[in-house]
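Student: Got a structure for you, written out below as structure tokens; questions coming shortly.
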Amino acid sequence: MTNYIRIIDTDLAVHVLEHLPTPVMAVNREMELVFLNEAGLKHIGRSWEEVKGKPCKDILQSRHCGTSECKMRQVMDGGQVATVRNEMKINGRTVPVEYTAAALKDQDGTIVGGVEYIIDITERVRQEKKLQEQSKTIREISTPAIKLWDRMVILPVVGVVDSQRAQQMMSAMLQKIMATAAKVIILDIQGVAAMDTAVANHLIKIAKATKLMGCRCIISGITPAVAETLVQLGIELTDIDTNSTLQDSLFDAFSLLDLTVTPKGSKQ
Amino acid sequence: MQNRLKTLHFELTDPFDNVQVVICCKRFLKDLGFGEAQQYLIASAVSELSTNIIRYAGKGTISIGTTYRNGTVGFVVAARDDGPGIPDLKKAMAENYSSGKGLGLGLPSVKRIMDEFEIHSTPGQGTRVTAIKWLE
Amino acid sequence: MKQYSSVSALGSYTISDCLIVPVAPEAEVEELQRLHREILELVAETGAKGVLVNLSSVNILSSYSFTTLREILRGVSLLGATGVLVGLRPGVVAAWVDRDLDFSEMHTARTMEDALALVTTRREKQEADAKQA
């Protein structure tokens, strides 16, 4: 075992702890407050005399207080140092926090209490929420089902398809077929970044659903790379019409609708 | 250029995390010198591994990097989770096996796409997969 | 142009050799099973070439209902006619696809018009095949 032999200026150490701009708290084995620095006192809006020796759960009143989730309790029972998220009331409002708890040991290594520091993570949580919102938005705007012609819908799929997005694609497509009474739908997968079995499974599902809606499904954008991957994955797109290019698919779609594209001025 | 291709590490917790894995993987493969079709193929295999982690273990990690042997450069992917593990590995590696939803072609297809493939799984402890694709 | 030649107790009627069967929004399996018997009898009786089951107002169909519908289509096919499920709704479709049911050999159409066209095409093909043979 390594002994850290250091000469510590106790007054300085206390001074540093006191002025650390985030709450630092220590308790004894009975979970009674033996230390709370200035920032901690400021957070709860009480003086040291008021809280000294009081059970910490009465003082902090966080979501973990008094429950089995309390890390302070866990580390004192021999658990590892841990950092977890929590919520606590600061000046009357609930604030998301993160706290790290560690056991306090005496010279013999006996656990005599615990110490923890608390960090306000309001800003981080706000950023995370924003990021989640943004990715949700991206998912939504990236699954358009567009009416291309009377009774013809196209669903361009770009990027990475995960199960959530596949579900959105499915529902967007079904609703559009319903609304437009589409007879043919083109699923263009040229822009799909990768084709694993889950993605292929989603595409097959979408094609099956299209058929049940009474609509034909043409998958376009089966490039050589996509084709090779499908072969390597051992996936057969039986009963599904596929094309390499969107142009070919469009041509087939017009045929299914009994329409032909002819150059202007050409004889019928 | 080779120094630039440091190992990339991805923490997976949400299905959306696979997006990052696939996009970065493709860029990495391109920088390494793989052709477009190979990029797509290998990225698909990596996507398979990462989707498996999210679906069956809930969370885990994917690391991608480079390896060298006899003057040849290889792309290496390591997938790791502490999930439920695979009870019957032989069965899972057999063709047409499905452990639930999905096509059940997952792991054998990764093995087929990559040049080297190694899997270790302990029920209740998790799964580790390492696979290499050499640059021809 | 369209003639209503026969109307059954369940509200079925025929248009140009096709039996149109409306299914009530809250139809349960029992009702579909009743329909099953009636449809087969009507097809045998009228010599209808197509059976169009209109499901456009049905929001929920269990997998039992699915099985019954598939049996109806198979029975109709055995009688030499074409059975078509018409106007399936998104909710029903999504639920069925999620359950990995077998949809092969099931004819579907978005609209009644499409369904009628489908029956006509299949009939013409059958007649052409018969002539060749």
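Just so you know, all these numbers are worked out from the coordinates, no wet-lab data involved. Not measured: the values here are computed from a predicted model. Neighbour counts run over all protein chains shown; Cβ positions are idealised from the backbone, glycine included.
Student: Rounded, prolate or oblate for chain B? Axes are the square roots of the Cα gyration tensor eigenvalues, ordered a ≥ b ≥ c, and the cut-off for rounded is a/c under 1.5.
Tutor: On the way: a/c = 1.80, a/b = 1.55, b/c = 1.17.
Judged from the Cα gyration tensor, chain B comes out prolate (a/c at least 1.5, a/b above b/c).
Student: Moving on to the next point. Label A:T137 and B:D115 with points 7 Å out from Cα along Cα→Cβ: what is the distance between them in nm?
Tutor: Label-label distance for A:T137 and B:D115, simple model: 4.5 nm.
Student: Here's a follow-up. What does the charge count near A:M72 come to, summing +1 for each Lys or Arg and -1 for each Asp or Glu among other residues with Cβ under 13 Å from its Cβ? Walk me through the intermediate numbers first.
Tutor: On the way: positive: A:R29, A:K57, A:K71, A:R73; negative: A:E30, A:E32, A:E69, A:D77, A:E116.
Counting the neighbours of A:M72, the net charge comes to -1.
Student: Net charge within 14 Å of B:N70 by Cβ-Cβ distance, Lys/Arg positive one each and Asp/Glu negative one each, not counting B:N70 itself?
Tutor: Cβ neighbours under 14 Å give a net charge of -2.
Student: I need C:H107, C:H36, A:H19 ordered by Cβ neighbour count within 10 Å, fewest first. Walk me through the numbers before you get to the answer.
Tutor: Numbers: C:H107 21, C:H36 16, A:H19 10.
With the fewest neighbours first, C:H107, C:H36, A:H19 line up as A:H19, C:H36, C:H107.
Student: Moving on. Considering all projection directions equally, how large on average is the shadow of the alpha-carbon convex hull of segment C:13-132, in square nanometres? Spell out each step's value before the answer.
Tutor: Details: hull surface 28.6 nm².
For the Cα atoms of segment C:13-132, the hull's average projected area reads 7.1 nm².
Student: Right, another one. Determine the sum of side-chain charges near A:H19: Lys and Arg each +1, Asp and Glu each -1, restricted to other residues whose C-beta is under 15 angstrom from that of A:H19. Before the final figure, lay out the partial values.
Tutor: Values: positive: A:K42; negative: A:D9, A:D11, A:E18, A:E38.
Charge balance in the 15 Å sphere: -3.
Student: Still on this structure, I have one more. How large is Rg/Rh for the protein assembly as shown, to two decimals, with Cα atoms and a Kirkwood Rh?
Tutor: With Rg and the Kirkwood Rh in hand, the quotient comes to 1.13.
Student: Mind pulling the angle between the C-alpha long axis of helix A:122-141 and the longest principal axis of chain A? Nearest 10 degrees, somewhere in 0 to 90.
Tutor: 10
Student: If you line up the long axis of helix B:36-52 against the longest principal axis of chain B, both from Cα atoms, how many degrees apart are they, to the nearest 10?
Tutor: Rounded to the nearest ten degrees, it is 30.
Student: A further question on this structure: Determine, from the Cβ-Cβ distance of C:R122 and A:K264 and an R0 of 41 Å, the FRET efficiency 1/(1 + (r/R0)^6), rounded to the nearest 0.05.
Tutor: Working: r = 37 Å, r/R0 = 0.89.
Efficiency for this residue pair is about 0.65.
Student: Compute the long axis of helix C:112-132 from its Cα atoms, compare it with the longest principal axis of the Cα atoms of chain C, and write down the angle in degrees, 0 to 90, nearest 10.
Tutor: 40
Student: I would also like to ask the following. How much of the DSSP bridge set in the protein assembly as shown is antiparallel, in percent, rounded to the nearest 5?
Tutor: Values: 65 of 92 bridges.
Counting DSSP beta bridges with both partners in the protein assembly as shown, the antiparallel share is about 70 percent.
Student: While we're here: Starting from the Cα of C:H36, step 7 Å along the direction of its Cβ; do the same at A:K54; then give the gap between the two resulting points in nm.
Tutor: Reported label-point gap for C:H36 and A:K54 is 7.2 nm.
Student: How big is the charge dipole of chain A about its Cα centre, in debye rounded to the nearest 20, if each Lys and Arg gets +1 on its Cβ and each Asp and Glu gets -1 on its Cβ?
Tutor: Once rounded to the nearest 20, the dipole reads 1120 debye.
Student: Can you give me the distance in nm between label points at C:L101 and A:K147, each placed 7 Å from the Cα along the Cα-to-Cβ direction?
Tutor: 2.9
Student: Roughly how many whole Å is it from the C-alpha centroid of segment C:71-125 to that of segment A:102-135?
Tutor: Cα centres, segment C:71-125 to segment A:102-135: 59 Å.
Student: Restricting things to Cα coordinates, could you compute the convex hull volume per residue of segment A:50-151 in Å³? Numbers along the way, then the final one.
Tutor: Numbers: hull volume 16.9 nm³, N = 102.
It comes to 166 Å³ per residue, whole-number rounded.
Student: Could you tell me the distance between the Cα centroids of segment A:26-77 and segment A:206-268, to the nearest Å?
Tutor: After rounding, the separation between the Cα centres reads 66 Å.
Student: To continue, here is another question. Between C:T67 and B:C24, what is the FRET efficiency for a Förster distance of 35 Å, r being their Cβ-Cβ separation, to the nearest 0.05? Write down the numbers at each step before the final one.
Tutor: On the way: r = 46 Å, r/R0 = 1.33.
In this case the efficiency is close to 0.15.
Student: Just to be sure I understand: if I project the alpha-carbon convex hull of segment A:134-256 onto a plane and average over all orientations, what area do I get in nm²? Each step should come with its number before you reach the end.
Tutor: Values: hull surface 27.3 nm².
So the Cα hull casts an average projection of 6.8 nm².
Student: Could you list A:W149, A:W48 so that the one with the fewest beta carbons within 10 Å of its beta carbon is first and the one with the most is last?
Tutor: On the way: A:W149 16, A:W48 13.
With the sparsest Cβ surroundings first, the list reads A:W48, A:W149.
Student: Suppose we keep just the DSSP beta bridges with both residues in segment C:1-115; what percent of those would be antiparallel, to 5? Intermediate results must be reported in sequence, preceding the final value.
Tutor: On the way: 4 of 17 bridges.
Bridges in segment C:1-115 are about 25 percent antiparallel.
Student: For peptide A:205-213, what's the mean number of Cβ atoms from other chains within 10 Å of each residue's Cβ?
Tutor: Working: counts 4, 1, 1, 7, 8, 3, 8, 13, 9.
Partner Cβ neighbours, averaged per residue: 6.
Student: Looking only at other chains, what is the average number of their beta-carbon atoms within 10 angstrom of each beta-carbon in C:109-122? It would help to have the intermediate numbers written out before the result.
Tutor: Details: counts 4, 10, 4, 0, 1, 5, 1, 0, 1, 1, 0, 0, 0, 0.
Counting Cβ atoms of other protein chains within 10 Å of each residue's Cβ and averaging gives 2.
Student: I've got another one for you. log10 I(q)/I(0), Debye, Cα-only chain A, no solvent, q = 0.07, 0.11, 0.13, 0.15 Å⁻¹?
Tutor: -0.53, -0.72, -0.83, -1.01
Student: Between A:E38 and C:A94, how high is the FRET efficiency from 1/(1 + (r/R0)^6) when r is the Cβ-Cβ distance and R₀ = 45 Å? Nearest 0.05.
Tutor: Numbers: r = 58 Å, r/R0 = 1.30.
For R0 = 45 Å, the calculated efficiency reads 0.15.
Student: Starting from the Cα of C:L79, step 7 Å toward the Cβ, then list every residue of segment C:53-68 with an amide N under 18 Å from that point.
Tutor: The answer is C:53-55, C:68.
Student: Loop only by DSSP, 11 or fewer other Cβ within 10 Å of the Cβ. Give me the trypsin sites (Lys or Arg not before Pro) in segment A:163-268 that pass, ordered by residue number.
Tutor: Filter output for segment A:163-268: A:K264, A:K267.
Student: Just tell me the longest site-free run in chain B, where the sites are trypsin sites (Lys or Arg not before Pro) in a DSSP loop having at most 12 other beta-carbon atoms within 10 Å. Intermediate values should be presented prior to the final figure.
Tutor: Numbers: sites that count: B:K6, B:K101.
Result, exposed sites excluded: B:7-100.
Student: Once you charge only the Cβ atoms, +1 for Lys and Arg and -1 for Asp and Glu, what is the size of the charge dipole of the protein assembly as shown about its Cα centre, to the nearest 20 debye? Working shown, then result.
Tutor: On the way: 60 positive and 64 negative charges, 167 e Å.
So the dipole magnitude of the protein assembly as shown works out to roughly 800 debye.
Student: Across peptide C:86-98, what mean number of C-beta atoms from other chains lies inside 10 Å of a residue's C-beta? List each step's numbers first, then the result.
Tutor: Values: counts 1, 4, 8, 4, 13, 3, 3, 11, 7, 0, 3, 11, 5.
Averaged over the peptide's residues, the number is 6.
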